[in-house]
Amino acid sequence: MRTLRSNGRVARGLDILPSAFTDHVGSISDRDVVRSSMQGVETVVHTATLHKPHIATHRAQDFVDTNVTGTLVLLEEAVAAGAKQFIYTSTTSAFGAALSPIAGEPAAWITEEVRSVPKNIYGVTKVAAEDLCELFHRKHKLPVVVLRTSRFFPEPDDDPDIRGRYDTENFQANELLYRRADIADIVDGHLLAIEKARDLGFGRFILSATTPFRESDLAMLRRDAVKVVRRLFADCEALYAARGWTLFPEIDRVYVNRRAREVLGWRPRHDFAHVLSCLRDGRDVRSALARTIGIKGYHGEAFRDGLYPVA
């Protein structure tokens with residue numbers, strides 16, 4: 001919303017909470033709210049969702065209501081209103097258990113062709129919503145682009161063990177090697193999807209920072225990821241040491257954005273090489289957009305463990 005409006009494009013925001021970027025307050029599962037919001041809309045960018053951190057605080061039915069029913073309502077009302085295209089923000093969590101190879105196996109090479117393996121209600125409902133999107137393309141010829149985004153929120157990790165071993169900047173810099181993107185690049189991917197949707201008809205793309213790894217690195221990434229990174233970036237350890245940072249000893253999956261780069265023309269700027277360049281120059285790794293938005297959290301309340309409820 002910030003980027004569209006700053007570019008002079010008319011954009012209408014629907015959210016459950018009021019904000020400077022919200023024109024209609026309500027839920028995407030409320031058909032009356034959606035219908036009144038949809039009038040005259042040409043492009044729907046559907047980013048609303050319950051996320052993985054909500055699993056501890058919400059029922060499975062809540063995930064179905066928002067992620068599945070809400071998507072269905074948006075699709076039906078988009079068709080009824082004559083919308084020209086529909087962009088759906090999905091997640092790499094849709095791959096589910098396919099992201100975690102068993103011990104001793106190489107890291108997973110994750111492309112759009114990898115079959116989703118159910119792991120939790122979040123991923124299951126996001127896959128179901130993707131399928132609804134494809135159905136509406138097939139049935140109603142609605143141009144739809146599904147974007148499976150990797151991590152791009154700046155919040156600390158939801159795993160307390162990870163938070164105890166790495167500071168947030170260190171952890172998220174490491175993730176840019178294989179499973180993270182900057183929100184500015186994610187926004188660029190969405191803008192490109194809007195441009196390309198009608199020509200594509202339907203498309204599904206992974207949006208994640210371009211990895212420096214190759215398939216030939218996958219076995220070593222499970223045994224000694226530091227060795228692989230050291231080979232690719234000779235001064236990494238010295239730059240990390242100056243900050244008191246450490247690399248991950250093991251990496252279990254690698255997201256591949258080749259299709260998004262080749263088909264959408266996406267050019268993410270914030271990758272691991274960018275991290276090292278920032279460390280050399282003493283610059284902030286985050287984009288200006290990421291710094292402006294800051295940390296929002298996932299819940300409307302604080303918990304004893306900060307952003308996340310204690311199980």
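Axis angle, to the nearest 10 degrees, between helix 218-232 and the longest C-alpha principal axis of the chain: 70 degrees.
For the chain, the share of DSSP beta bridges that are antiparallel, to the nearest 5, is 10%. Mean residue ellipticity at 222 nm, helices only, the chain: -11500 deg cm²/dmol; runs of at least 4 DSSP H residues each add -39,500 (n - 2.57), and the sum is divided by the number of residues. The GNM of the chain, with springs linking C-alpha atoms under 10 angstrom apart, assigns the highest mean-square fluctuation among Ser208, Ser93, Ser27 to Ser27.
Using a ≥ b ≥ c from the Cα gyration tensor of segment 56-213 (square roots of the eigenvalues), is it rounded, prolate or oblate, where a/c under 1.5 gives rounded and otherwise the larger of a/b and b/c decides, a/b for prolate? It comes out prolate by the Cα gyration axes.
Extents of segment 1-86, largest first, come to 40, 28, 19 Å (Cα atoms, principal axes, whole angstrom). Ordered by the count of other Cβ atoms within 10 Å of each Cβ, fewest first, Trp266, Trp245 give Trp245, Trp266.
Segment Arg115..Arg138, full-extension length gain: 6.2 nm, with 0.36 nm per residue of separation and the alpha-carbon distance subtracted.
The ranking of Ile28, Ile293, Ile102 from fewest to most other beta carbons within 10 Å of each one's beta carbon is Ile102, Ile293, Ile28. The charge dipole of segment 2-293, taken about its Cα centre with unit charges on the Cβ of Lys, Arg, Asp and Glu (plus for the first two, minus for the last two), comes to roughly 560 debye. If the Kirkwood radius is taken over C-alpha pairs of the chain, then at 4 °C and 1.567 mPa s the Stokes-Einstein diffusion coefficient equals 63 µm²/s. Pairs of Lys residues in the chain, spaced 8 or more positions apart or belonging to different chains, with C-alpha separations under 22 angstrom: 11 in total. For Glu262 paired with Arg198, estimate the spin-label separation in nm (one decimal), with each label point 7 Å from Cα along the Cα-to-Cβ line. Once both label points are built, they end up 2.6 nm from each other. Normalised by the number of residues in segment 5-143, the mean separation of alpha-carbon contacts (under 8 Å, six or more apart) gives a relative contact order of 23 percent.
With the simple model of a label 7 Å out from the Cα in the direction of the Cβ, Leu239 to Glu42 spans 4.1 nm.
Laboratory data are not the source of any read-out in this text; all were calculated from the coordinates shown. All of these numbers come straight from a predicted model, not from anything done at the bench. Counting neighbours? That spans all protein chains shown, and the Cβs are built from the backbone with ideal geometry, glycine included.
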